[in-house]
Structure formats: structure tokens, C-alpha cells
Amino acid sequence: MLAQLGVFAPPSTHLIDDFRPMLARYAPLHSANNLSRLVHDVLAMLDVNVLTWPAGPPTGAEVLARCQHDRTMSLGSVLRAVYDAGAAAAGSTIWACKDLENLHARCGSTPAGHARWVAGVGPGRRRG
């Protein structure tokens, strides 16, 4: 249904729940090697996910290039870059993450030229 509206909404991945407990093993993320390891591990999880993404997971190079625009270098930065790249591959500028652990997240947008994102919006939830 969301795809008919031009929204990239791939199957749930639960990457936040999977990677948050292991994040210390990738620290500090400002290290290019550590960031690259995290990105490649996240993409490997997408690759073995039972429900595949429409165009498959983006490449590590695509995600790392998008991470360069985010100064925070966090798990959220990596996930946003993964979804931005997925949306771009699907020809969309809007994406939705359907993972329930993201319900507390706020609406926002990425830097100019990147996909807009909305997380945790549903019935009775305030936007922005």
C-alpha cells in the first residue's frame, strides 16, 4: 500500500534491536575501519533476512558514501544511510521503517538531496 504512494517501505529488519547490544564492538564509529565493519555487517543481516528488500540491500560503498554526510556517526546514521540508499534504488525520496522498536523515534529529514524519513507515525501519533 505504501509503495503505491511512492513510499519505500521494505520488510522489517529489526537492525536496531540486533546491533544496539553489539555497538561497543564497533566503537569508535569515527574510525573508517569500524564504520565500514558495521555497515558491512548490517548489510549482511539484510542479505540473509527472510523477507528480502525489493531491489536487494544497497552496496557498502553506497551506504558509506551517504554516511559521510552525517557528522554524528551512530547506528542511526548507518540505518538512515541504508534506508536512503534503498529508497533511491527504488526511485523514491520517502521511506518508512516498519520496525516496532522505532515507535519512539521522531520525524525528521536528512540533509538536502537525501530521502525524507518518517519513523513511528501511526494512528494517534503526532508528526514532528
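Here are Leu23, Leu103: which of them is at pLDDT 90 or above and over 11 Å from the mean Cα position of the chain (by Cα)? I'd like the intermediate steps shown before the answer.
Values: Leu103 fails: at pLDDT 90 or above.
When all the criteria are applied, what remains is Leu23.
Please go through the stretch 38-59 and pick out each residue that is farther than 13 Å from Pro10 by Cβ and part of a loop (DSSP other than H, G, I, E, B).
The answer is Thr59, and nothing else.
Taking the stretch 1-52 as the region of interest, how many residues are acidic (Asp, Glu) and either more than 20 Å from Cys97 (Cα to Cα) or touching a residue at least 40 places away in the same chain (Cβ under 8 Å) (or both)?
Of the stretch 1-52, the ones acidic (Asp, Glu) are 17-18, 41, 47.
Still in the running and either more than 20 Å from Cys97 (Cα to Cα) or touching a residue at least 40 places away in the same chain (Cβ under 8 Å) (or both): 17.
Counting residues in the stretch 1-52 that are acidic (Asp, Glu) and either more than 20 Å from Cys97 (Cα to Cα) or touching a residue at least 40 places away in the same chain (Cβ under 8 Å) (or both) gives 1.
If a residue must be farther than 18 Å from Ala87 by Cα and either open to solvent by 40 Å² or more (accessible area, probe 1.4 Å) or part of a loop (DSSP other than H, G, I, E, B) (or both), how many such residues does the stretch 1-37 contain?
Within the stretch 1-37, the subset farther than 18 Å from Ala87 by Cα is 16-37.
Subsequent filtering for residues that are either open to solvent by 40 Å² or more (accessible area, probe 1.4 Å) or part of a loop (DSSP other than H, G, I, E, B) (or both) retains 17-18, 20-25, 27-33, 37.
Count: 16.
Is there a residue being open to solvent by 80 Å² or more (accessible area, probe 1.4 Å), in contact (Cβ under 8 Å) with a residue 12 or more places away in the chain and within 19 Å of Asp99 (Cα to Cα) anywhere in the stretch 53-63?
Yes, the stretch 53-63 contains a residue that is open to solvent by 80 Å² or more (accessible area, probe 1.4 Å), in contact (Cβ under 8 Å) with a residue 12 or more places away in the chain and within 19 Å of Asp99 (Cα to Cα).
Which members of the stretch 65-92 meet the condition of being open to solvent by 40 Å² or more (accessible area, probe 1.4 Å), within 14 Å of His30 (Cβ to Cβ) and outside any loop (DSSP other than H, G, I, E, B)?
Within the stretch 65-92, no residue meets the criteria.
The values are calculated or read from the model by the stated rules, or taken from the named source; none is laboratory data. Everything numeric in this text was worked out from a predicted model, so none of it was measured. Cβ atoms come from the backbone with ideal geometry, glycine included; neighbour counts cover every protein chain shown. Just the protein is used for accessible areas: all its heavy atoms, side chains included, with ligands, DNA and RNA removed. Shrake-Rupley method; radii C 1.70, N 1.55, O 1.52, S 1.80 Å.
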